[in-house]
Amino acid sequence: MRKYLFFCLLLAFSACKNGLGLNVFTLQQDKQLGDKLKAEILSNPSKYPVLPYQGNEKAYNYLYAMRDEILKSDKIRYRSQFKWELHIIKDDKTLNAFAAPGGFMCVYTGLIKYLEHADHLAGVLGHEIAHADQRHSTQAMTKAYGLQVVTQVAAGSGGGQLAEIAAGLTQLSFSRGHEKDADEHSVEYLCDTRYASNGAAGFFEKLVANKAAGGTPAFLSTHPSPKNRVKDINDLAKKLRCKTTMADNTGWAQFKASVK
């Protein structure tokens, strides 16, 4: 166990040096956590009223086509290893989307109906894909649960803790650094697509215009203001010389109408 702990600490130190953050979970455990969260969500329809694929094919096909376009980016490290499974949660009051470790993703109907352009949703999806691809959740859980617990989990001796950690994923909040990193990767991912690379900025701009900035989306609760995020996203898109012209919005209205 001492050798394993030393190895984990060595890996963690190496990760920190590379700017990745402390993380002793394995890639396989990211997938396991995502599967456990998926099971929890699908088994609790009163809290997570997930729309089934059957009867909502048009909505899901549109969303998966958007996901596939983003996954064309060769900057997504685990685009082949993760499933990137999508689910739509019927909750018109919630402006949110999230991605669990391993690429399991959920988008709320409230967010879809709030947005005015496909590029804005693509920007948010890119942001959430970045959280999973950069393994922000398991980095945050390493910090939240302590090195002793996560090294037990990583060693395969913490089955009970793994279930507890998975249950806490829905309440997990990211650091400012993780949010900034996800914003930046969203720009990079969309740079390789037909969507405007600064698509996520459109979402934040609407929040600012509607004065909704401080509250409803979970990922805004403790993080830099949308105004700052808009500027940072736009500045990076310009620096990388990525496309910022909105893509053809054909089909967006029909997609929104299909989400009932």
Note to self: Condition (residue is assigned to a helix (DSSP H, G or I) and either among the aromatic types (F, W, Y) or in contact with a Phe, Trp or Tyr (Cβ under 8 Å, 6 or more places away or on another chain) (or both)) applied to region 70-92: is it met by at least one residue?
What the structure shows: yes
Next item on the list: Can you give me the number of residues within region 207-230 that are assigned to a helix (DSSP H, G or I) and at pLDDT below 90?
Entry: 9
Next item on the list: Would you point out the residue of region 160-189, among those that are polar (S, T, N, Q) and part of a helix (DSSP H, G or I), that is modelled with the highest pLDDT?
Entry: S186
Checklist line | Of residues in region 28-68 being of a type in the set (A, V, I, L, M, F, W, C) and surrounded by fewer than 14 Cβ atoms within 10 Å (Cβ to Cβ), the one farthest from S175 (Cα to Cα) | finding: A65
Notebook entry, point to check: Among Y48, Y64, which is assigned to a loop (DSSP other than H, G, I, E, B) and of a type in the set (F, W, Y)?
Noted result: Y48
Note to self: Among the listed residues A12, A99, A39, identify the single one that is under 19 Å from the mean Cα position of the chain (by Cα), on the phi < 0 side of the Ramachandran plot, among the small types (G, A, S) and modelled with pLDDT under 90.
What the structure shows: A39
Check: What do you reckon, is E85 of a type in the set (D, E, K, R), surrounded by fewer than 21 Cβ atoms within 10 Å (Cβ to Cβ) and under 16 Å from R194 (Cβ atoms)?
Finding: no
Next item on the list: Give me the pairs, please: first residue somewhere in region 32-56 and β-branched (V, I, T), second residue anywhere and assigned to a helix (DSSP H, G or I) and surrounded by fewer than 17 Cβ atoms within 10 Å (Cβ to Cβ), beta-carbon distance under 7 Å, and either six or more positions apart or on two chains.
Entry: V50/L42
Margin query: Looking at region 238-260, I want the residues that are touching a residue at least 12 places away in the same chain (Cβ under 8 Å) and outside any loop (DSSP other than H, G, I, E, B) and have a partner that is surrounded by 11 or more Cβ atoms within 10 Å (Cβ to Cβ) and of a type in the set (F, W, Y) with Cβ atoms under 9 Å, at least 6 apart or on another chain. Which pairs are those?
Written below: W252/Y62; Q254/Y62; F255/Y62; S258/Y62
Next item on the list: State yes or no: is D192 acidic (D, E), at pLDDT 60 or above, crowded, with 17+ Cβ neighbours inside 10 Å and under 24 Å from L33 (Cβ atoms)?
Entry: no
Next item on the list: Those residues that are buried (at least 17 other Cβ atoms within 10 Å of the Cβ) and more than 13 Å from the chain's Cα centre (by Cα), I need them from region 72-81; list them, please.
Entry: S73, Y78, R79
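The values are calculated or read from the model by the stated rules, or taken from the named source; none is laboratory data. What you see is a predicted model; the values in this text were computed from it and never measured. Don't worry about glycine lacking a Cβ; one is built from the backbone with ideal geometry, like all the others, and counts go over all protein chains shown.
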